[in-house]
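**Q** Here you go, one structure.
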Amino acid sequence: MSDLMPSRAGIQSFFLPPEAPRKPRIRRAEGIWFEDTDGNRLIDVSSGPVASNLGHGNPRVLDAMMRQARDAAFAFPMQFESEANIALGERLARLCGPGLDRAFTVSGGSEAVETAIRFARQSAVQRGDGSRWKVVARMPGYHGNTMGALAVSGDKAAHALFGPLLRDMPKVPAPFTYRLPANHTAETNARACAAALEQTILDEGSETVLAFIMEPVGGLATGALVAPDVYYTAVRDICTRHGVTLIYDEVMSGAGRTGRFLAGDHWPARPDIAVLAKGVTAGYTPMGVVMVAAEAAEALAASGGFQAGFTYFANPLSCAVGVAVLDELTGAHTGRDLIANAGTMGARLRAGLERMAAGSRIVGDVRVRGLLLAIELVADKATQRMIPLPLMAPYRVQAIALRHGLALYCRRTGGGEFGDWLMISPPLIVTAEDVDLILDRLTATLMEYEAELVRDGVVA
Ligand SMILES: Cc1ncc(COP(=O)(O)O)c(C=O)c1O
C-alpha cells in the first residue's frame, strides 16, 4: 500500500519477505481513525488486537502520561511505593468487586497469565496442597505467547512447533455454539464440555490439578464464543468440588468491552482469579493485571511474599495511564459511561451484522457480547462448510477491507482447524454514526469477497 522505501530494519523484516506487499505505515491516529503515510484514512474496527478500547489520542490519558513521566517515569516496587499503583489498585478493586480486590500489575497479558498460574501454585503449596500443578485449559484457546502461557493455550499448530519446549497441559473442548457435534444443541454440548472438564480432572487425579483457565467470552481463538449460561455455573461447581482454582482470562474480554467491567459479570458464577490486560491501559502503554482475593494475597504476604516480579511490574507510568483509562471508561470526568456504551453500541452493531449475515452467502454466524463481536466465514451456510483453509479467508477479507477504509485484525488459532472468523470490536467510544459507517464498509467488503468466491467456484 505504501510506496515508501521498505525498511529492512523494522520488525516487519521478521514477517514479510522483501518482495511482499508492505503494510500501511501509520502516520497519525485519533479517535477511531488511523491515517497512513499515503493519506488513507482507516477505521480501527478491531481496536488493533482488541486493545485500543478508548480509541487514539485521548487528551486526558495523554496528560496523565505526561504528568507521571515528569514526576517519576520509573520507580521499582521492591524499593518504593507508587501513588499511581495504589490508585490503580483501588479502582480495579472497586470495578472487579468482592473476591477480586487485590491487583498485581505486570507488562502484558501473557505475563499476567503466567503470574496468575504462579499465584495459584504458590497459594496451593502454602496451604499444604503441593501435589497440585496441572492447569487444565480449553481446546481451542489462547492465553499468550510466552512458554507458560503457550502451554495452556489450545493451539495444535503452535504446539507442533514449540511443543518440545513446553510442558503441555490437559485440554478440554471449548463449548462451541456453532458447527456442533452430531446430535447436540448448544446447551447439551455445553453440558458435555463441562462434564469433560470434570472427567479430565478425575482422570488426571484431582489432587494434581491446580487450576482451570478459560476466557468467559472468547477472543481470537474461538471468535467471541459465548457459552450457554449453564456452562458457567457447572464449571464453577466442578472447580469448587475438586479444589481447583478457577482462572478467568479476561485479557481481551475485560475492562468494559462486553458491557460489564468483567465479562464474567454477565453470570453469577465468580472466578478465584481474573487476568486482565489490553483494555486496562487501552493500548497507551503495556499492562497486564492479576486480580485475586485480598485474603489470598495477604496469606502469601504473611508467608514470606509472592515469588514474582519483573523489571517493569507495577510500572508507575503504566499505572498512571491505567488510572486515567479507567476514569475515562467510567466517565469519571466526562459523564460518558463507555462501559454502558459498549452494551448499546454492541446491540446496534449486532443487529446490523445479523441483517448483513441474512443477506450474505458467506457469513455463517455472528457471535456477540457487548462490543466483542465476531463473524464466522463459511463456504456454505446450510452445511456450515468452511472456506478451504489454503484460501486464508480472514486475511483475504482483511486485505479487501483496507481498500474500503477498515483496519481489521485477524489471527488464526490452530491453523483455522475450528473455523475462520473476524473480530469486529471497535473502540468503546463509537457512536451510532460510527457503527453505521462500519456496517456500510464491512458489507461492501464482504460482498466483494463473496463475489470473488462465487467467481472462483468456492461458493455455489
Ligand atoms: C485471551 C488472551 N489471553 C492472553 C493474551 C496474551 O496477551 P499479550 O499479547 O498482551 O501477552 C491474549 C492476547 O491477545 C488474549 O487474547
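The values are calculated or read from the model by the stated rules, or taken from the named source; none is laboratory data. It should be emphasised that the depicted structure is a prediction, and the values quoted were computed from it without experimental measurement. Cβ coordinates were reconstructed from backbone atoms using ideal geometry, including for glycine residues, and neighbour counts include every protein chain displayed. The accessibility values were calculated without ligands, DNA or RNA, using every heavy atom of the protein model including side chains. Shrake-Rupley method; radii C 1.70, N 1.55, O 1.52, S 1.80 Å.
**Q** Can you give me the relative contact order of the stretch 265-310 as a percent, contacts being Cα pairs under 8 Å and 6 or more apart?
**A** 29
**Q** Something else: Taking H placed 1.01 Å from N in the peptide plane, check which residues at least 5 places from VAL289 or on another chain put their amide H under 5 Å from its amide H.
**A** VAL106, LEU276, ALA277
**Q** Moving on to the next point. Carbon-plus-sulfur fraction of the accessible area of the stretch 301-460, 1.4 Å probe, in percent?
**A** C and S atoms contribute 56 percent here.
**Q** Related question: Output wanted: per-residue J couplings in Hz (rounded whole) for the stretch 376-386, from phi through Karplus 6.51 cos²θ - 1.76 cosθ + 1.60, θ = phi - 60°, x for Gly and Pro.
**A** 3J(HN,Hα) across the stretch 376-386, in whole Hz: 9, 9, 9, 8, 8, 5, 5, 9, 6, 5, 6.
**Q** Turning to a different aspect of this structure: What FRET efficiency do you get for ALA20 and PHE74 if R0 is 41 Å and r is their Cβ-Cβ distance, rounded to the nearest 0.05? Don't jump to the answer; show the numbers that get you there.
**A** Working: r = 38 Å, r/R0 = 0.92.
So the FRET efficiency works out to roughly 0.60.
**Q** If you filter the stretch 60-124 for GluC sites (Glu not before Pro), then keep DSSP loop positions with at most 12 other Cβ within 10 Å, what is left?
**A** Sites meeting the loop and neighbour criteria: GLU81.
**Q** On to the next question. Counting only DSSP beta bridges with both residues in the chain, tell me the antiparallel percent, nearest 5.
**A** Bridges in the chain that DSSP calls antiparallel: roughly 70 percent.
**Q** Taking the solvent-accessible surface of protein heavy atoms with a 1.4 Å probe, what is the per residue accessible area of the chain in Å²?
**A** About 42 Å² of surface per residue is accessible.
**Q** Related question: Does anything in the stretch 396-416 have its amide N under 13 Å from the 7 Å Cα→Cβ label point of ASP440, and if so which residues?
**A** Correct set: 405.
**Q** Assuming R0 = 22 Å, what is the FRET efficiency of THR431 and ARG27, from their Cβ-Cβ distance, to the nearest 0.05?
**A** Working from the Cβ atoms, E equals 0.40.
**Q** Residues in the stretch 267-291 near a label at PHE162, defined as backbone nitrogen under 20 Å from the 7 Å Cα→Cβ point?
**A** 275-278, 286-290
**Q** For LYS171, give me every one of the lysines with a C-alpha distance below 23 angstrom, ignoring sequence neighbours fewer than eight places off in its own chain.
**A** LYS134, LYS156
**Q** Moving on. Nearest 500 deg cm²/dmol is fine: what mean residue ellipticity at 222 nm does the chain get from its DSSP H runs of n ≥ 4 alone, each adding -39,500 (n - 2.57), divided by its residue count?
**A** The helix contribution divided over the chain gives -12000 deg cm²/dmol.
**Q** Heavy atoms only, probe 1.4 Å: what % of the accessible area of the stretch 93-247 goes to carbon and sulfur, would you let me know?
**A** Looking at the stretch 93-247 in its full context, I get 55 percent from C and S.
**Q** Which whole-number percent gives the relative contact order of the chain, counting Cα pairs below 8 Å spaced six or more residues apart?
**A** 21
**Q** Measuring from label point to label point, each 7 Å out along Cα→Cβ, what is the ALA358 to ARG41 span in nm?
**A** 3.1
**Q** Moving on to the next point. I'd like to verify something in the chain: which complete DSSP H helices, judged by Cα projection on the helix axis, reach 15 Å or more and average at least 1.0 on the Kyte-Doolittle scale?
**A** Helix filter hits for the chain: 316-330.
**Q** Using each residue's phi in the stretch 359-365, evaluate 6.51 cos²θ - 1.76 cosθ + 1.60 at θ = phi - 60° and report the 3J(HN,Hα) Karplus result to the nearest Hz, with x for Gly and Pro.
**A** After applying 6.51 cos²θ - 1.76 cosθ + 1.60, I find x, 10, 8, 10, 9, x, 7 Hz.
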